[in-house]
Amino acid sequence: MAYSFRGGIHPGTHADPGYKSATNTKPIEKLALPDEVILPVSMHIGAPAKPIVSVGDTVDLGQPIAEAGGFVSAPVHATVSGKVKAIEPRLHPNGSKVLSIVIENDGEDRKHESVHPYDFASMSNEERIECIRSAGIVGHGGATFPTHVKIQSGIGKCDTVIINAAECEPYITSDHRLLLERPEETIGGLKMLADIMGVQTAIIAIEENKKDTFAKIEELIADDPRLKLYPLTCKYPQGAEKQLINACTGREVPSGKLPADAGCAVFNVDTAGAVYRRFTTGMPVIRRIVTISGSAVAEPKNLEARIGTPIEKLIDACGGFKEAPNKLLAGGPMMGNAQFSLDAPVVKGTNAFLAFAGNEDKRVKDPQCIRCGKCINACPMHLLPIYMNVYGKQEDLDNAVDCGMMDCIECGSCAYVCPARIPLVAQFRLTKGKIQAKRAAERAKAEAEKKKAEAEAAAKAEAEKPAENK
Amino acid sequence: MAYDLSKVVVTSSPHIKADDDTRSLMLDVLIALVPALAVAVYTFGARALIHVVIAMVASLVFETIYNKIVHHPNTVGDLSCLVTGVLIAFNIPVAAPLWLSAFGALFGIIVVKMLFGGIGKNFMNPALGARAFMMASWAGFMTTWTAPHANLPLFGNVTVTDAISTATPLATLKTGAVPADTGLLEMLLGQTGGVIGETSALALLAGGVYLLWRKVITINIPAAYILTVAVITFLFPLSGDVSRVQWMLSQVLSGGLMLGAIFMATDYVTSPVTPKGQIIFGVGCGLLTVFIRYFGGLPEGVSYSILIMNTLVWAIDKKTHPRKFGYQLDKAKKEAQ
């Protein structure tokens, strides 16, 4: 039996579910080293890293070049050996300019002295977590939450570790290929994560469209009774953290809480792989697998690229565009970021880069809701997108919250099924911003009133004192 | 390599959409109405088809004219006006004058739909609103029933000699008896008197199955509606002469119940969107239908019960929010206390 959740959608066609056929049989290809890499100090959620090298410094492969800027943060490492050419704001796939360390590649790929294997078994848990932290490992699924924070905040609270191998975003096959070609890395990483977190249940959850990976994985997990393989129904957003936990354990992460509050810690396929590589080779995060696909790409591929490689180099390696692209996306088509340039680099969370030739998002002018309710059946959070849209437009923020606005995970299922083609998610983002602004204003107002009341009380007490004395 | 990025647009996610749009959904509804139309033409002759065509063309023309007047882009491309047209004609007895179809379209499209803002904004079903209006204005035309295969003139007005007038099964049921000459099979196949589109329960069910298969509608409303009628009429038969089952089946298969439950009560715009709300809506329609059939002045209550429930949709939706993911029931209750 396959595990699943209520709601969701089935993107793709009958012949090509999930639009994955362009790349799911293509082995991972190593991309030639680029002439320069652009390494933004912010490739994770949390405080940006602080550069610890200067322009003109010579750096080695795997050398830390920026240190974590706080607890929720991650360091950045050189992904080629060479000379620091510039430390300046450069275009990031999120669309803004972010301080980046640009390294000119000397082509030697000289390893830094700090890169050496660790003896996992003899290390204490603190040492292990520090080892993961100093490797700059973050969630490789796209959300890029620092892994050491997830581990530390989950120890004692979690009884289950889940590897998220759903890869439910259409077109993307990077995790699929990793599971097929290098399953020992992910499973090895899962065992280490289970050890560190001290759990008795470690699940690897894979969507059924990747059945070709099951046999090898079952073989690899056979020796460890903690490890289980859960097949998942092919459905988007099966890989959304909350939906995945619900599918695997039946638990619901309470609104506004973290997976740890449901006793689960979820890690991506390549995050577990990065943990395994860190302990067995010592190498921090320097590369990732990127699926290049979409109707405008001449030859879709799965590429292994050094982090910091400009996206343009990946497009070059795929034979360029066969048609002028209409849409460029970093990430999947459901939650990815639209790009206007190919200058941005591959960052730690870049699982795919897509280029569409046609009008795949089928925009229309002046869409009219026909109240079909398809959005409600599609919503994996069981919200009311139709009314969230109505109230959002009217700026009736209280009712919008009541319909679930702040619980929306922006997965795009509602907008995907909407026959009227209403840009629901865009509307929700706007409204969420307004709600957050309103809440902040209310907090500030309450704070000010409290201060005022305190000051008045103090003044009153002052005034009454002499009266008592008289 | 330098690439041509001049066509690139930047928008908010998601960047892909399903193929279904309003037009394809409405086309599916039109396809689902074909079996009932075929039975109507077989039963009542080509005049039934002429009614349908007139109502469809009139709906198209009136919506176009309205959009011209108010300087809106024309909205007929979504095909919803054609669905309204077919349903208006389906609600008229075949012997009625042909202009009545056009007039129904005028009222349904202009007054009920467009004046409220067009598709998605009207609070009652345009076809049923038009039917209620025609019932009030031309009660005679709207209740002149013709026996099947009566050979009516194609275009001209129907004279008394043309029409072999007949009682509908519902009128007989109203008197507390099961119709003697119309068996359940005739009702199933539509060989009875009635408005153009309602007579064949089987053809309408076939259309309903198609809509369910294409996921155009969910089963909530039709199932709740029909089951409610079935249960109530089974529990409280008016006639002691026949078995409860026969009484129940006669009630379920006669009149506009199938047409109403499958095609009118499921109208997106005027029905609830929450699953729980849809069930409440269907049960409410069913209760009102039986109530009007048993105690009302008219033999049929389907159209008025749906219209009454239409006005409650906003309130029903508001009271039937589904439990959001991550909100436990007991916790929600605790918070409420």
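Brief remarks follow.
- ³J(HN,Hα), Karplus 6.51/-1.76/1.60, whole Hz, each residue of the stretch A:269-282, x for Gly, Pro: 3, 7, 5, 4, x, 5, 4, 4, 5, 4, 7, 7, 10, x
- Average 1/r across all pairs of distinct alpha carbons in chain A, invert it, and you get the Kirkwood radius: 23.8 Å.
- Taking amide H positions as modeled 1.01 Å from N, with prolines and chain starts lacking one, the residues under 5 Å from A:Ala66 and 5 or more places away or on another chain are A:Ile52, A:Val76.
- If the segment from A:Glu113 to A:Phe340 were pulled out straight at 0.36 nm per residue, it would be longer than the present Cα-Cα gap by 77.8 nm.
- Overall Cα dimensions of chain B, principal axis frame, Å, largest first: 82, 56, 35
- Choice from B:Ala139, B:Ala203, B:Ala177 with maximal GNM fluctuation in chain B (Cα, 10 Å cutoff): B:Ala139
- The stretch B:139-149 - phi-based ³J(HN,Hα) in whole Hz, Karplus 6.51/-1.76/1.60, Gly and Pro as x: 4, x, 4, 7, 10, 8, 9, 10, 5, x, 6
- In range of the label at B:Met1: residues from the stretch A:317-335 whose backbone nitrogen is under 14 Å from the point 7 Å along Cα→Cβ: A:317-325
- Taking amide H positions as modeled 1.01 Å from N, with prolines and chain starts lacking one, the residues under 5 Å from A:Tyr3 and 5 or more places away or on another chain are A:Leu232, A:Thr233.
- Only the Cβ atoms of Lys and Arg (+1) and of Asp and Glu (-1) were treated as charged; on that basis the dipole of the stretch A:1-45 about its Cα centre amounts to roughly 320 debye.
- Sequence-separation-based contact order of the stretch A:69-184, relative, with Cα cut under 8 Å and 6+ spacing, percent: 21 percent
- FRET efficiency for B:Ala136 and A:Glu395, using Cβ-Cβ distance with R0 set to 30 Å, rounded to 0.05: 0.15
- Gain on full extension, evaluated as 0.36 nm per residue between B:Arg323 and B:Asp19 minus their Cα-Cα distance, stands at 106.5 nm.
- Ascending count of other beta-carbon atoms within 10 Å, so fewest first, for B:Ile219, A:Ile28: B:Ile219, A:Ile28
- Helices that extend 20 Å or more along their long axis by alpha-carbon positions and average at least 0.5 on the Kyte-Doolittle scale are, among the DSSP H runs of chain B, B:22-44, B:46-69, B:220-235, B:275-295.
- Radius ratio Rg over Rh of the stretch B:132-215, counting only Cα atoms, Kirkwood formula for Rh: 1.03
- ³J(HN,Hα) computed for each position of the stretch A:210-218 - Karplus, 6.51 cos²θ - 1.76 cosθ + 1.60, integer Hz, glycine/proline x: 10, 4, 5, 8, 5, 4, 5, 5, 4
- GNM result for chain B, Cα springs below 10 Å: residue of B:Gly118, B:Gly156, B:Gly326 fluctuating most strongly: B:Gly326
- Only the Cβ atoms of Lys and Arg (+1) and of Asp and Glu (-1) were treated as charged; on that basis the dipole of the protein assembly as shown about its Cα centre amounts to roughly 1580 debye.
- Rounded to the nearest 20, the Cβ-based charge dipole of chain B about its Cα centre (Lys and Arg +1, Asp and Glu -1) stands at 1000 debye.
- Computed over chain A, relative contact order equals 18 percent, with contacts defined as Cα pairs under 8 Å that lie 6+ residues apart.
- The relative contact order of chain B, computed from alpha carbon pairs under 8 Å that lie at least 6 residues apart in sequence, is 17 percent.
- Separation of alpha-carbon centers, the stretch A:411-443 and the stretch B:137-216, rounded to whole Å: 49 Å
- If you plug the beta carbon distance of A:Ile155 and A:Arg443 into 1/(1 + (r/R0)^6) with R0 = 45 Å, you get a FRET efficiency near 0.90.
- Members of A:Lys374/B:Lys276; A:Lys191/A:Lys228; A:Lys210/A:Lys301; A:Lys257/A:Lys445 lying beyond 20 Å, as alpha-carbon distances in this model show: A:Lys257/A:Lys445
- Distant-in-sequence amide contacts of A:Val138, defined by a placed amide H-H separation under 5 Å and a gap of 5 or more residues or a different chain, comprise A:Thr147.
- Separation of the A:Lys257 and A:Gln436 label points, Cα + 7 Å toward Cβ, nm: 2.3 nm
- In terms of other Cβ atoms within 10 Å, B:Tyr225, A:Tyr236, B:Tyr294, A:Tyr19 run from fewest to most in the order B:Tyr294, A:Tyr19, A:Tyr236, B:Tyr225.
- Simple spin-label estimate for B:Leu115 and A:Ala47 in nanometres, 7 Å along Cα-Cβ: 6.6 nm
- Going by neighbour counts of Cβ atoms within 10 Å, the residues B:His149, A:His92, A:His176 line up, fewest first, as B:His149, A:His92, A:His176.
- Inter-chain Cβ neighbour count for A:403-416, averaged per residue, equals 3 (cutoff 10 Å, partner chain atoms only).
- Note on chain B: with a GNM built from Cα contacts shorter than 10 Å, the maximum mean-square fluctuation among B:Ala261, B:Ala36, B:Ala136 falls on B:Ala136.
- The helix-only estimate of mean residue ellipticity at 222 nm for chain A, built from DSSP H runs of length n ≥ 4 each weighted as -39500 (n - 2.57), is -9500 deg cm²/dmol after division by the residue total.
None of the figures in this text is laboratory data; all of them are computed from the coordinates on show. No experiment lies behind these values; they were computed from the predicted model shown. Please note: Cβ atoms are built from the backbone with ideal geometry, for glycine as well, and neighbour counts cover all protein chains shown.
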